[in-house]
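Every read-out reported here was derived from the displayed coordinates using simple, explicitly stated rules and does not represent laboratory data. Given the structure is predicted, the values throughout are model-derived calculations rather than measurements. Virtual Cβ from ideal backbone geometry, glycine too; neighbours counted across all protein chains shown.
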Amino acid sequence: MDCEPPLLESYKTLFQSSLGVGVGTDDVRNDDKSSMVVEICELPLIDLNHKREEFMKEITEAARDWGFFQVVNHGIPQEMLQTLKFEQKNVFQRPFSNKSQGNFLNLPVSCYRWGNPFAKNLRQTTWSEALHIILHGIGKVDQEESLSIDHSTMEAFAAAVSPLVENLVQILAQKLNIPLSYFKENCSEKSCFVRLNRYPPCPFPSKVYGLMPHTDTSVLTILQQDQAGGLQLMKDGKWVDVKPVPKALVVNIGDLFQALSNGFYKSVKHRVIAMENVERLSAAYFYNPSPDAVIQSHGTPQVYRTFTFGEMAKLKQKDIMETGDKVGLSRFLSTPL
């Protein structure tokens with residue numbers, strides 16, 4: 001289809017150099033035992049309609065022990081989430097030649113990406129395409145000048161998810177006596193963004209990733225995923241498959257919150273597997289501070305040295321370009337490894 005990014009052609013050299021065979025060979029096997037899924041798990045499922053004291057305890061425990069949890073009765077209407085999914089389908093069904101032409105949505109800040117252009121081997125491949133959108137100012141763009149995406153849907157999603165994020169951050173910050181004013185002063189819609197993801201069917205699902213193993217750089221990430229599955233996270237040194245829960249949103253701690261909490265909350269490595277016959281869609285909201293926000297660990301002794309979000313973002317991009325992967329928080333340990 002002309003909407004598909006040329007992923008197979010892009011990774012052809014990696015297939016040949018890493019495996020020593022042609023892309024079409026059927027007898028290649030992935031013998032990496034560490035990549036095997038050893039169990040299926042259900043993330044902690046937290047009902048935000050329960051007593052506040054009850055779900056506050058559940059949230060802080062899940063953030064500490066899992067780094068991930070799911071929430072229901074989160075306040076975001078299912079109709080809105082379905083509309084968002086419909087809109088992102090429309091976007092990704094546009095011809096690739098259109099999508100790849102820079103700012104094809106004509107939004108103030110948007111970026112279309114596909115694959116991993118810096119991948120050095122098959123472990124760093126990404127069989128997916130994504131659209132990054134800064135939601136601030138989207139309502140000021142003439143809808144007639146933009147392509148394929150309804151601005152009112154994106155505005156409504158941002159307005160609905162913001163109070164959910166603020167509520168979760170307040171609960172997590174309160175546990176560690178982190179002043180809520182820190183987030184109010186440093187995090188705003190200008191620094192937060194949405195990433196719409198599509199994972200196309202993959203002819204070699206055992207050889208590549210839908211999304212390579214990583215941790216999020218954010219303070220907090222809110223994820224809406226469909227029922228296709230494929231999300232996996234690292235738990236107790238093992239990869240586990242996360243079972244989707246209807247009407248639930250996935251929440252995970254990012255690197256910045258792990259640093260702010262002095263390691264109390266966990267930013268957990270996760271990935272998306274490639275699937276041969278299934279398309280997967282998801283939408284992630286990344287709660288970020290401004291580039292000049294100071295990230296200082298709350299606790300003693302401090303596990304991480306003080307740094308700015310901008311410093312971390314620059315180092316992350318440098319690492320990706322040079323190695324094909326991000327290094328992350330280990331760069332900011334008070335006592336380097």
For the stretch 73-83, Karplus-derived ³J(HN,Hα) couplings (6.51, -1.76, 1.60; θ = phi - 60°; whole Hz; x for glycine and proline) come out as 6, 8, x, 9, x, 4, 4, 5, 5, 5, 5
Let me check I've understood the local charge: for Gln227, count other residues with C-beta under 10 angstrom from its C-beta, Lys and Arg +1, Asp and Glu -1. What total comes out?
+1
Taking H as built 1.01 Å from N, whose amide H comes closer than 5 Å to the amide H of Thr308, not counting residues under 5 places away?
Ile295
Net lengthening on full extension, Gln302/Asn121 (0.36 nm per residue, minus Cα-Cα):
61.6 nm
What is the magnitude of the charge dipole of the stretch 35-292 about its Cα centre, with +1 placed on the Cβ of each Lys and Arg, -1 on the Cβ of each Asp and Glu, and no other charges, expressed in debye to the nearest 20?
700
Three-way shape call for the stretch 35-292 based on the alpha-carbon gyration tensor, with the a/c threshold at 1.5:
oblate
Using θ = phi - 60° and the Karplus curve 6.51 cos²θ - 1.76 cosθ + 1.60, what whole-Hz ³J(HN,Hα) does each residue of the stretch 178-190 get, with Gly and Pro shown as x?
7, x, 5, 4, 4, 6, 5, 7, 10, 10, 8, 5, 5
Per 0.36 nm of contour for each residue apart, how much would the distance between Glu4 and Leu45 grow if the chain were fully extended, relative to their Cα-Cα spacing?
11.3 nm
Counting sequence-distant residues (5 or more places) and residues on other chains, those with an amide H built under 5 Å from that of Leu220 are Gly254, Tyr287
Could you check which residue among Gln224, Gln302, Gln82 shows the biggest mean-square fluctuation in a GNM of the chain with a 10 Å Cα cutoff?
Gln82
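What shape does the stretch 205-320 take by its C-alpha gyration tensor, where a ≥ b ≥ c are the square roots of the eigenvalues and a/c under 1.5 counts as rounded, a/b above b/c as prolate, and the rest as oblate?
It is prolate, given that a/c is not under 1.5 and a/b is the larger ratio.
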So, over other residues within a Cβ distance under 13 Å of Trp114, counting Lys, Arg +1 and Asp, Glu -1, the net charge is +2
Choose one of Phe307, Tyr285, Met275: the residue whose Cα lies farthest towards the positive end of the charge dipole of the chain (beta-carbon charges +1 Lys, Arg; -1 Asp, Glu; about the Cα centre).
Phe307
Enumerate the calculated ³J(HN,Hα) couplings along the stretch 39-48 in order (Karplus 6.51 cos²θ - 1.76 cosθ + 1.60, θ = phi - 60°), each rounded to whole Hz, writing x wherever the residue is Gly or Pro.
6, 9, 10, 10, 4, x, 10, 10, 8, 7
Full-extension gain between Asn90 and Lys184, please, as 0.36 nm times their residue separation minus the C-alpha to C-alpha distance.
30.4 nm
Cα centroid separation, the stretch 301-335 to the stretch 193-258 (Å)
21
Taking every other residue with Cβ under 12 Å from the Cβ of Gln93 and scoring Lys and Arg +1, Asp and Glu -1, one gets -1
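Within the set Lys235/Lys266; Lys269/Lys326; Lys51/Lys243; Lys269/Lys316; Lys175/Lys238; Lys89/Lys243, which residue pairs have Cα atoms separated by over 19 Å? Show your work: numbers first, answer last.
On the way: Lys235/Lys266 11 Å; Lys269/Lys326 12 Å; Lys51/Lys243 26 Å; Lys269/Lys316 15 Å; Lys175/Lys238 28 Å; Lys89/Lys243 23 Å.
As for pairs spanning more than 19 Å Cα to Cα, those are Lys51/Lys243; Lys175/Lys238; Lys89/Lys243.
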Separation between Cα centres of the stretch 70-89 and the stretch 148-168, rounded to whole Å
10
